[in-house]
Structure formats: structure tokens, C-alpha cells
Amino acid sequence: MDDSKHFRNRIENRSGICIRWGCPMKKFILNLIKRKKTFLGIILAIVIGLVITISALADYGHPIVSYNRNPVSITFPRAGRIVLWNVITSSSPGYFSRYYFIRNGCRVGQNCTYMDVINNQTVLTPITVAAGETIQIRGCDCYGGNCGSGGCANPHVGWKTPHHDYFCPNYFYSQNYNPSAGGRDFTSLMTAFLASGDTIIGTPQCWGDWDEDNSNGGYDHDFEDFVLIWAYRDTFTGYHDGASGTVPQSQCRAYGWVMQDAAPGLDISYRILVDGNLVANGVANQYRADLTGTCTGGTCGFTQDLWGLISPNVQHTIRVQGQNPYNSSWFDLSGTNKTIRCSLPPSVDLKANNQDGTIRLTSPAQYLLSWTSSNADTCTASGSWTGTKGQSGSTNYTGITTGSYTYTLTCSNPIGSASDSVTVIVYNPPAVDLKVNNTDGPLTLISPASFTLSWISRDATNCSAASSNGSWDGNVVISGNQPMSGVPTGTHTYTITCSNQYETASDSVTVIVIAPLRGTIAVTYARLLLFAPSLDQPAQTLTGEVTGGVPPYSILVQVRAPSGAQFSLNRNGSTWSVTPENSGDLNFGTTEEGIWTAWADLSDDFGQTYRTPSVVWEVAWHPVHGRP
């Protein structure tokens, strides 16, 4: 195959950058591969020289950089393996290339040997590099099929000395390098790397030289391409240390550690999934003393409180994952998944007739035991009752005779237990019923108030009275009544307490004595002119106040004109007014000549009513006509 066609097919299939023949980079490389010294080769060599001179016009798919001197140094940012594969060689027999990996001045390999690459797919033996390590790659072109034992012993006869050989800048970079992109198939090599868990980055390079040829006075241009394959493996170690099973709130958390094996000081992100749903994420950079021998400084731990993020007392599946920082993929930590149920210690509340502690009831007694619990799996009764009980419920008791009964309920879960008890004492207790005017009150009366207190007790041996105003105090009979009169305004509480050998019972009534409802009404002007506002004189204004009673107050202002026509206006509050502005009549109280009359009907929230005395005013027009 013609070299230019052969190279063109490989470049177009491989790079994915310059598809059309007019691409300057493609023209440049196609001209460089012409090795036969023909008249056309001489012309192309001149063109190549011009291309080199104006190399800034070349298209490599990225900004142009200077050619790299042979050998070229490459620093690898991450630990991995590198291998060299010859993509394209001359199609002319006898031409081949040699490449070296050089570390610390010595060619890499057994006993610092090298490998020749002669018109085939021979691969330079892979070597391992550390993160940040710099490796040199040395290339040379030999003639006659033998480069000698230590280097290029038989270089091309037409070349001058020294050789001006360079590595080209990178012109293609991809994390998904096409195995057949260079016109050669190295699928098996890629497959081997991938099968080992490595991630591959292929970086095609070119290398070559150009010199004046002594044989014909022209130029010889020879560029060879190779692929530098850098394979690295991202391996991570981590563990989900969180607890399983039912745990208290203090242990309701997910914790563990994660690190990159090749970079133990690199912070790795983590996330926590609960029942498949993301609830938290962060960076594993917490210090743990037990990790100082695992990751740099022992700072690869993490802990996440789950309380408040998950439902309590419900079983959940916790999954913890770390993130590969290079491709953002997530991986499970060892020890995940874990099943956890976060719970508080159990609690129980047992009541008798909705009361805690001890209650006393009259024989025969009827009462209700009721209980609720939280965070409990089981509840067991003891004392005056037995058996397994539900986590909540009630039990009714009737016909219970005198005696003392203690009921205990114990509720448990895997992290603890709790108990509650109530005691019911059944006996014949005293009782007393105090009334005011035969009602239990509170009773509201108008001052000065009069009323009767009456009471009846049962199973009592003595009774005593007390009042908030001191008007009723001391021992009283166990059943009786007490008239009260002239009681002033205020709130008065009356209490009677009766006792027997078992207990004391009390009853109280309240009497609220209020002042009677009263109010006033007043006129602003005793005499007014007819239609006074038209003469720049004032119209009438009424004002009033309300006292006593129980607010809020309602006021109905009644107004009667001289003609006998009457109308009313509603007001409220303890003070009120009727003005031309708020009455809706700017001539209020001046529209008829004669005597006007007004009064107010008051009512309060207690139901009292009161009518104020009437007020009058005179309206006349005679001053306008000069009448006396």
C-alpha cells in the first residue's frame, strides 16, 4: 500500500479530530511518512520544512506547544502501569523503531534491557509507576534491522550528526481510546488491562527527525507514531462500622471509614441511604485513633447521627457508600447493609380514673384503669392484676368493696423497661355539697346582694366554713344554711370542708356581685339656630358615659324632634358621642324649630338595662329676623 494512503486511513480512523484531507496536521503527517527519496519526496520535504517553520498553523486538536526533545519526560499524577505500543511504522522493509522506558537514568526492564519494535505490533513490557513519578521515553530509528546491543548502532546512512530528533506534542487524548483507531488492533492488550480492574488512558504520540540527506542534497523526514497507554486502578478500602438491631438514641448513627489505597491521605466522600433513599452525605475526614495506621493521620473516619433522619421504632436498612473521586461512581463499604431500629427507652403511663398515684373511692367502687406506652414491645401486669397487656388499653372494675388495691404495669423493649403503678383505696368517704340560692354557682347578683348558702354533708363528723371576704368563717353544722345580705361588689368565694376518719371533702361556690348599670347623657348647646351650620354656627353634639354593670355595653340614643318625630342611633363603649359628623346629619338637632329631647337606653352583658334622664335644647330662627 502507498505510504500516504496507508497513513491517511489510519489517521482518519484514529484521531476523530481531522476528518477532511485539507486538515493542516494531516497534510503535515502525511508528508512526513514519505520515506522513499523520489522527486516528489524532495518537493514534499520542502513543504515539510515550511510547515515546521509555521508550525503554529498546525491543527492538533488543542493549542500548539513546542516539540519535545528526545527523550521526553512524562510525570504520572497517579500510580499505575504504563506500556508502549507501536501504532504505525514504515512500510519499507528494514526500517523499525526502538523505544526505551528510562527511570533514574537506566532503561527500565530486566538488566536495563530494551525492546525493538519492527514493523509489527510488539509491545514494550509494562512497568509500574508511582503517583507523581517521572519516566523518560527514548526513541530511535534504525536501519538494516539491527540497532545494536546498546542503542542505535546502525542509524539511517543518509542522516547527519547530530540527529535532530523530537517527540511531537500530544494530539489526541481520551479516556475511551478506540482500540482500532490507529489502524492496528490491540484489543487483547486493552482487554487484559480492563480485566485486571484498571482504568485506561491512551495517549498517542509521534516521534521522528529530519536532516539533510547527503545522497541527494534533499531532506529526509521520518516520523513514527506510538501509543503510550497509562493504566491505573482506583481501589478503595472502607468499612461500615455502625450498629445493627435495636439501639438507643445515643447509638442511632452510621459510622465507619473509607480511603483510597493508593492515596491514603485523600479525602473520600460518602453517602448514607436509608431504605434506598439518600438521607445524608459528607466527607470522611474525621480523626479516629484506631485508624492512624490505616490512613494518613487517622483522618478517614466519618459518623452520622441518624436520629431525626429516620422514623423511630421502625426497622430500616442502612447502606453506606463511598465515592470514587475520579469518575464519581459509588461503591458499597464493607459491612453494609445493616438493619437498625432506633428506639428510646420504653415508657408507660398507668392511670386509675385518669389519675396518677393513689385514688380513694366509695364502696362499692367503680373505676377504670387505662394505660398508654411508647417504644414498648411487650407489657406485663402485676400486683392486683396479672397477665400480658397490650401496649395501650383499659380495664373497667365495678362493685369493688373496701380495701387497698395496687396495680402495676411493666413495659419493655430490647434496650430497657419501665413500670408505673396506681393504688385504689375503696372506703366510705365524707362528702359535702354547698350551694348558693340552690345552685352550684358561680352566681352573679347586683349590689347590694342578698343570697343564701346551704350545704349537705354525708359520712362527715365535722364541718368548717371559710370565705374570701371573711364574712363566713369557723365551725358549722354538718348540714345547714346561712343567709347573706348587703354583700358589696366583688367576687366572693365561700367554702365548706367536712371530714371523717378517712378523708376530708370540700365544696365551694362563688358569688359575683356587680354594681347596677348607670349612665348619663348631656347636650353641648342648650340653644341653637335653625339650620345653624348654614350660618356658620354649630349643630348639636350629645355625649354620655356608662358605669357599673358588666361590659360590653350597648347604647341606643333616642332623639325626638319638636314635631314629635323620633329616631335612634346605636353607640357602644363606656363613653360615647353623637356628632353631626358621626350621625350622618351635618344639621343634627337643628332642622326643626322648637324643643328637642334626647335620652339613652343602656344595656350590659349581664342583661341589666337602664334609661338615662332626658336632656332638651331649643332651636329658634328669630335671631335671624331680629326677634327678641
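The values are calculated or read from the model by the stated rules, or taken from the named source; none is laboratory data. Quantities reported herein were computed from a predicted structural model and do not represent experimental measurements. Note that we place each Cβ from the backbone using ideal geometry, even for glycine, and neighbour counts take in every protein chain shown. Heavy atoms of the whole protein, side chains included, go into the accessibility calculation; ligands, DNA and RNA do not. Shrake-Rupley method; radii C 1.70, N 1.55, O 1.52, S 1.80 Å.
Overview of values
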| quantity | calculated |
| --- | --- |
| Flag if THR388 is more than 28 Å from THR497 (Cα to Cα) and without any contact (Cβ under 8 Å) to a residue 12 or more places away in the chain | yes |
| Qualifying residue in the range 553-564 (condition: part of a strand (DSSP E or B), buried (at least 17 other Cβ atoms within 10 Å of the Cβ) and under 60 Å from the mean Cα position of the chain (by Cα)) | yes |
| Complete set of residues in the range 258-276 that are part of a strand (DSSP E or B) and of a type outside the set (Ser, Thr, Tyr) | VAL258, MET259, GLN260, ALA263, ILE268, ARG271, ILE272, LEU273, VAL274 |
| Residue count for the range 309-328, restricted to those that are outside any strand (DSSP E or B), open to solvent by 50 Å² or more (accessible area, probe 1.4 Å) and either among the polar types (S, T, N, Q) or at pLDDT 90 or above (or both) | 5 |
| Subset of the range 452-468 [crowded, with 16+ Cβ neighbours inside 10 Å and not hydrophobic (A, V, I, L, M, F, W, C)] | SER454, SER457, ARG458, ASP459, SER467 |
| Any chance VAL283 is open to solvent by 50 Å² or more (accessible area, probe 1.4 Å) and farther than 25 Å from GLN391 by Cβ | yes |
| Any chance LEU528 is in a strand (DSSP E or B), of a type in the set (A, V, I, L, M), within 29 Å of VAL557 (Cβ to Cβ) and open to solvent by less than 60 Å² (accessible area, probe 1.4 Å) | yes |
| Whichever residue in the range 286-308 is surrounded by 16 or more Cβ atoms within 10 Å (Cβ to Cβ) and in a loop (DSSP other than H, G, I, E, B) and, among such residues, is farthest from the chain's Cα centre (by Cα) | THR294 |
| Residue, nearest to the chain's Cα centre (by Cα), within the range 481-492, restricted to residues that are within 29 Å of ALA431 (Cβ to Cβ) and surrounded by 15 or more Cβ atoms within 10 Å (Cβ to Cβ) | HIS492 |
| Residue, farthest from TYR232 (Cα to Cα), within the range 249-269, restricted to residues that are open to solvent by 10 Å² or more (accessible area, probe 1.4 Å) and in contact with a Gly (Cβ under 6 Å, 6 or more places away or on another chain) | TYR255 |
| Selected residue (only one of ASN413, ASN428 is under 30 Å from ALA280 (Cβ atoms) and modelled with pLDDT under 95) | ASN413 |
| Condition met for GLY519 (out of contact with any helix residue (DSSP H, G or I) (no Cβ under 8 Å at 6 or more places or on another chain) and in a loop (DSSP other than H, G, I, E, B)) | no |
| Single residue of the range 123-144 satisfying the filter (outside any strand (DSSP E or B) and within 19 Å of TYR232 (Cα to Cα)) that is modelled with the lowest pLDDT | ALA131 |
| When residues of the range 404-432 are limited to those that are without any contact (Cβ under 8 Å) to a residue 40 or more places away in the chain and closer than 30 Å to ILE478 by Cβ, the one surrounded by the fewest Cβ atoms within 10 Å (Cβ to Cβ) | SER404 |
| Condition met for GLU581 (among the acidic types (Asp, Glu), within 21 Å of LEU529 (Cβ to Cβ) and touching a residue at least 40 places away in the same chain (Cβ under 8 Å)) | no |
| Residue list for the range 286-308, filter: under 18 Å from LEU333 (Cβ atoms) and among the polar types (S, T, N, Q) | GLN286, THR294, THR299, THR303, GLN304 |
| Strands (runs of 3 or more DSSP E) (entirely within the range 337-387) containing at least 1 residues that are surrounded by fewer than 15 Cβ atoms within 10 Å (Cβ to Cβ) and of a type in the set (A, V, I, L, M, F, W, C) | 365-374 |
| Cβ pairs under 8 Å, 6+ apart, first in the range 529-547 and without any contact (Cβ under 8 Å) to a residue 12 or more places away in the chain, second of a type outside the set (Gly, Ala, Ser) and assigned to a strand (DSSP E or B) | GLN537/LEU528; GLN537/LEU529 |
| Flag if THR504 is under 30 Å from PRO448 (Cα atoms), out of contact with any Leu (no Cβ under 9 Å at 6 or more places or on another chain) and in contact (Cβ under 8 Å) with a residue 60 or more places away in the chain | no |
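Every residue, every condition in (1) closer than 27 Å to LEU445 by Cα; (2) surrounded by 15 or more Cβ atoms within 10 Å (Cβ to Cβ), yes or no:
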| position | (1), (2) |
| --- | --- |
| TRP576 | yes, yes |
| PRO580 | no, yes |
| GLY584 | no, no |
| GLY589 | no, yes |
| ILE595 | no, no |
| PHE606 | yes, yes |
| THR612 | yes, yes |
| GLU618 | no, no |
